[in-house]
1. Divide by every residue of the chain the summed helix terms, -39500 (n - 2.57) for each DSSP H run of at least 4, and state the resulting mean residue ellipticity at 222 nm, rounded to the nearest 500 deg cm²/dmol.
2. Which percent of the accessible area of segment 284-370 is formed by carbon and sulfur heavy atoms (probe 1.4 angstrom)?
3. Quick one: accessible area per residue over segment 37-105, 1.4 Å probe, rounded to a whole number of Å²?
4. Can you work out the Karplus-derived ³J(HN,Hα) for every residue in segment 198-209? Use 6.51 cos²θ - 1.76 cosθ + 1.60 with θ = phi - 60°, whole Hz, and x for glycine or proline.
5. Dividing the convex hull volume of the Cα atoms of segment 59-211 by its residue count, what figure in Å³ per residue is obtained?
6. For segment 291-360, what does the accessible surface come to per residue with a 1.4 Å probe? Please give it in Å².
7. Name the residues whose placed amide hydrogens come within less than 5 Å of the amide hydrogen of N354, ignoring near sequence neighbours (fewer than 5 apart) on the same chain.
8. What size of dipole, in debye to the nearest 20, comes out for the chain about its Cα centre when the only charges are +1 on Lys and Arg C-beta atoms and -1 on Asp and Glu C-beta atoms?
Amino acid sequence: MFSKKWIIEERWDWGRLVTFIPNKHLPVYSWFYFKEGFSRDFVHLMIDLFKLNDGAVVLDPFVGSGTTLLACKERGIDAVGVDAAPLAVFVSQVKTADYNIRELKTIARQIFEKKFERQDLNRVSKFTRQFFSKPSLEDILFFREEVRKIPDPVARNFFTLALMNAAMKVSYAYKDGAVLRVVKKPVPPFRKFFKRIVKKMIKDLVKISFKPCSIEVYLGDARKMDFLENEVFDAVITSPPYLNKIEYTRVYAIEYELFFEDVKLDPIRSYIGLSPKSVVDQFPELHLPEAAKAYFYDMKLALIEMYRVLKSGGKAAIVVAGGVFPDRVVESDILLAELSERVGFNVDRLIAVNKRVATTRRVIKIGEARESILILSKP
């Protein structure tokens with residue numbers, strides 16, 4: 001319906017930039033692998049495209065693992081991140097914190113000098129126990145208690161993330177879409193492995209260089225960011241959950257149980273479009289699937305909030321992807337461009353960067369799903 005109205009640029013050479021892959025070997029960025037994230041290079045590209053300088057303020061309302069914030073910190077640009085998932089907020093805070101490297105080295109030495117004490121594995125659910133060997137899980141619980149004794153909260157969080165990464169690397173957990181599967185494999189001795197990860201993370205802090213700026217991270221809902229004032233941001237750089245993707249909270253069930261026991265998970269808050277209640281269909285003429293109706297309703301609410309907090313003349317870069325359903329491909333980029341205009345944005349550019357063949361029953365081609373970047377501006 002809207003395809004004639006929108007001119008879609010093709011920049012397939014940008015495709016890799018909207019994936020997390022380039023971050024995998026970068027210091028600090030690689031501290032938490034977030035498959036759904038984009039790269040530092042993408043954020044730097046948008047900073048340059050928007051001509052942002054060290055007086056600008058950037059918002060990422062779906063902060064994920066903090067790539068936008070970290071890239072802004074490298075450039076000396078103030079940034080704010082928001083996410084509904086406590087794990088995402090924690091990871092983003094740890095990646096962007098300021099550290100005393102000498103203090104971290106002292107704490108690491110003290111922790112690894114501690115003599116192992118046997119742990120009660122019954123404190124861990126049967127579900128989580130299946131993903132670890134007995135020696136590994138005992139070591140993880142032992143070091144968890146030692147890390148919790150660290151008095152400085154910033155250092156404590158640093159070692160918690162290191163422990164969480166080490167724990168998942170020696171686990172039998174295989175993240176298969178929305179499902180966690182047990183895949184048995186040989187695992188290294190945990191203490192040695194954990195020590196290696198801590199050492200690497202401390203080295204990363206020496207390798208990376210930051211410029212002075214303010215970084216803030218909030219636990220919150222992109223659809224209702226009451227804690228942010230009107231017209232304070234120069235740019236938004238973000239990627240919302242994609243249409244009909246999995247609800248990511250389930251995939252991190254092990255991390256939440258072992259390291260965030262006091263967090264009560266509300267999956268509806270952590271996934272745009274998950275709850276179809278009270279939905280107003282934004283495109284009744286398209287007869288969209290119920291999940292798509294909920295998604296676009298929630299995305300309109302998020303776009304309204306982005307518009308509210310952006311300054312006049314402010315810019316937004318939003319990475320989106322088409323949704324694949326049994327009978328069709330929903331062109332999310334075009335529909336979100338339409339919604340952005342309804343909210344008040346100018347749609348400056350619509351850039352396709354990736355595409356994949358969409359099939360039903362694995363063999364019947366029903367179209368192509370695009371991954372795109374929406375470039376918006378507030379008049």
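1. -11000 deg cm²/dmol
2. 50 percent
3. With the other protein chains kept in place, segment 37-105 gives 30 Å² per residue.
4. Each residue's phi maps through the Karplus curve to give 4, 4, 5, 5, 5, 4, 4, 5, 6, 6, 8, 10 Hz.
5. It is 131 Å³ per residue.
6. 32 Å²
7. E371
8. In total the dipole reaches around 1860 debye.
The values are calculated or read from the model by the stated rules, or taken from the named source; none is laboratory data. Computed from a predicted structure; not experimentally measured. No Cβ is skipped: glycine too gets one built from the backbone with ideal geometry, and neighbour counts run over all protein chains shown. Areas reflect the complete protein model, heavy atoms only, side chains present, ligands, DNA and RNA absent. Shrake-Rupley method; radii C 1.70, N 1.55, O 1.52, S 1.80 Å.
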